[in-house]
1. What tally of residues in segment 198-231 results from selecting those that are over 16 Å from the mean Cα position of the chain (by Cα) and farther than 22 Å from residue 254 by Cβ?
2. Any idea how many residues of segment 349-358 are within 25 Å of the chain's Cα centre (by Cα) and open to solvent by 40 Å² or more (accessible area, probe 1.4 Å)?
3. Could you tell me whether segment 261-279 includes any residue that is at pLDDT 95 or above and either part of a loop (DSSP other than H, G, I, E, B) or open to solvent by less than 10 Å² (accessible area, probe 1.4 Å) (or both)?
4. On the given criteria, is residue 81 free of Cβ contacts under 8 Å to residues at least 24 places away in the same chain and surrounded by 14 or more Cβ atoms within 10 Å (Cβ to Cβ)?
5. Among the residues that make up segment 320-331, is at least one of them within 13 Å of ligand 2 (Cβ to nearest atom) and acidic (Asp, Glu)?
6. If you check residue 330 against the conditions, is it under 30 Å from residue 244 (Cα atoms), in contact (Cβ under 8 Å) with a residue 60 or more places away in the chain and assigned to a helix (DSSP H, G or I)?
7. Among (1) over 30 Å from residue 24 (Cβ atoms); (2) open to solvent by 30 Å² or more (accessible area, probe 1.4 Å); (3) under 18 Å from the mean Cα position of the chain (by Cα), which single condition is residue 331 missing?
Amino acid sequence: MSSVEVRAQQPEPATSLIPTLPGAHYTDPALFEREQQRIFQKNWFAAARSSDLPEPGKFRTVDVGGESVLIVRGRDRSLRAFLNVCRHRGARLCMDDSGSVRRSLQCPYHAWTYGLDGKLIAAPNLNSMNDVNRDEYGLIGVALREWLGTVWVCLADEPPSFADTVQAAVSGRLGDGDVIEKWGIDELAVGRRITYDVKANWKLIVENFMECYHCATIHPELTEVLPEFADGYAAQYYVGHGAEFGEDITGFSIDGQTGFGTLAGVDEHHDRRYYAITVNPQVFINLVPDHVIFHRMYPMAVDRTIVECDWLYPQSVLDSGADLSKSVELFHRVNQQDFEACERCQPAMSSKAYAAGGVLVPSEHHIGEFRDWVADAISD
Ligand code: FES
Ligand code: FE
C-alpha cells in the first residue's frame with residue numbers, strides 16, 4: 001500500500017471556504033482498501049440489531065472492513081462474533097445473510113463442525129478429536145459489544161476503548177447532563193427496516209448526513225416539520241439543543257401530525273425536538289420524541305454502500321397494531337432524497353473538475369473535521 005499517495009490535507013484557500021478531500025478519495029479502489037484496513041478494521045462497527053438474533057442458533061453475516069463476520073447467539077444466550085471462515089481449507093461457513101442453526105455450525109465443504117461458541121467439535125475421518133487441538137482450530141473470534149440494542153464488532157486485535165470512541169461520540173451531543181439512555185433504545189423494537197443499496201462512496205453519505213445546507217432544496221417534507229432546517233444550518237449545529245418542531249407540528253411524520261406517545265424516558269425538554277448524531281465511521285442516529293431512526297452503513301465498494309435503516313418504537317406501539325406508515329414515510333423520503341443526491345455526486349467524483357476536490361461552506365466546519373479524521377486515519 002505504500003505506493004498509494006494520500007493527500008490528507010490541502011492548503012486552506014484564501015477564501016473562507018473549506019476544501020473537501022480530492023475526488024480520488026471517492027473513486028480509487030486502493031484508497032478504499034486502505035480505508036477498510038485503517039478505518040473499518042480498526043474501529044467499532046455497528047453490525048446488527050441485537051434483536052435480529054433473538055434466540056440460540058440465530059445468526060447474521062455482515063461485511064466489515066472487507067471481512068465477512070458471523071454473529072451468532074450461543075446456547076448460553078450470549079452473542080459472539082467470528083470470522084466467517086472455516087479453519088480447514090477456508091470455505092465460507094455461512095453463505096446466507098441471516099438464518100438459524102440448531103446446535104452447531106457445519107462447514108458445507110468437508111463438514112468440520114463448530115459449536116456456537118466457535119470451538120471445533122467434529123472433523124470427519126480424524127481418528128479421534130484428540131488428534132486435533134480444538135482450541136487451536138476453533139473459529140477466529142471478533143470483539144463484540146452490545147449497546148443501544150446494537151451489536152458492535154471490532155476486527156482489531158486490540159480494539160480501541162468503546163467508551164472513548166463510540167460512547168464518547170454520543171455523549172455530549174444532547175446538552176449538559178443528558179444521556180441517550182433516556183430514549184431507551186435497547187428496549188425499542190424494530191417497527192420497520194428498509195435497506196438501501198446506494199451507488200455512492202460511504203463518505204459522501206456521511207458528509208451528506210452531517211450537513212443541512214441541502215435541506216431547503218431537497219427535503220421539502222422535513223423542513224415542513226423542522227422549519228429551522230430551511231435556513232440551511234448544519235444538522236450538527238443543533239447538537240446540544242436539537243431542532244425544534246414547527247408550531248403546528250404534533251408528530252415527526254409525513255403529515256406532521258401522526259405521532260405516538262412520547263417515549264417514557266424523554267422529558268419535556270426533548271418533547272418537540274429532533275437530534276442527529278453521527279458515530280464515526282458508519283452510524284447515524286436520529287432521536288425524536290416518539291421513536292428512533294438508526295442507520296448502519298456497510299461500505300461494499302468504493303462506489304457502493306448498503307445502508308440498513310431501522311425505525312424503532314416501543315413494543316407496545318407495535319402490539320397495538322398502530323399504523324406506522326406516516327411515521328416511517330417522513331424519513332424514508334429523506335433517505336431517498338439524500339441517497340439520490342449522493343448518487344448524483346458519485347459519477348462526478350472522477351471528473352477532472354473535482355480532481356482537487358470541492359469546498360464546504362463555513363457552517364459545515366464539522367464536515368471538515370470528519371475529512372481530517374479520515375485523512376489522519378489513512379495517512380502514514
Ligand atoms: Fe471447511 Fe473443509 S473447508 S471443512
Ligand atoms: Fe439530508
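The values are calculated or read from the model by the stated rules, or taken from the named source; none is laboratory data. This structure is a prediction, so every number in the text was calculated from the model and none was measured. No Cβ is skipped: glycine too gets one built from the backbone with ideal geometry, and neighbour counts run over all protein chains shown. Only protein heavy atoms, including side chains, enter the accessible area calculation; ligands, DNA and RNA are left aside. Shrake-Rupley method; radii C 1.70, N 1.55, O 1.52, S 1.80 Å.
1. 3
2. Of the residues in segment 349-358, 0 are within 25 Å of the chain's Cα centre (by Cα) and open to solvent by 40 Å² or more (accessible area, probe 1.4 Å).
3. no
4. The answer is no for residue 81.
5. No, because not a single residue in segment 320-331 is within 13 Å of ligand 2 (Cβ to nearest atom) and acidic (Asp, Glu).
6. Working: under 30 Å from residue 244 (Cα atoms): yes; in contact (Cβ under 8 Å) with a residue 60 or more places away in the chain: yes; assigned to a helix (DSSP H, G or I): yes.
Spelling it out, residue 330 is indeed under 30 Å from residue 244 (Cα atoms), in contact (Cβ under 8 Å) with a residue 60 or more places away in the chain and assigned to a helix (DSSP H, G or I).
7. (2)
Rundown of residues vs (1) open to solvent by less than 20 Å² (accessible area, probe 1.4 Å); (2) part of a loop (DSSP other than H, G, I, E, B), yes/no style:
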| position | (1), (2) |
| --- | --- |
| 295 | yes, no |
| 298 | yes, no |
| 307 | yes, no |
| 310 | yes, no |
| 323 | no, yes |
| 342 | yes, no |
| 363 | no, no |
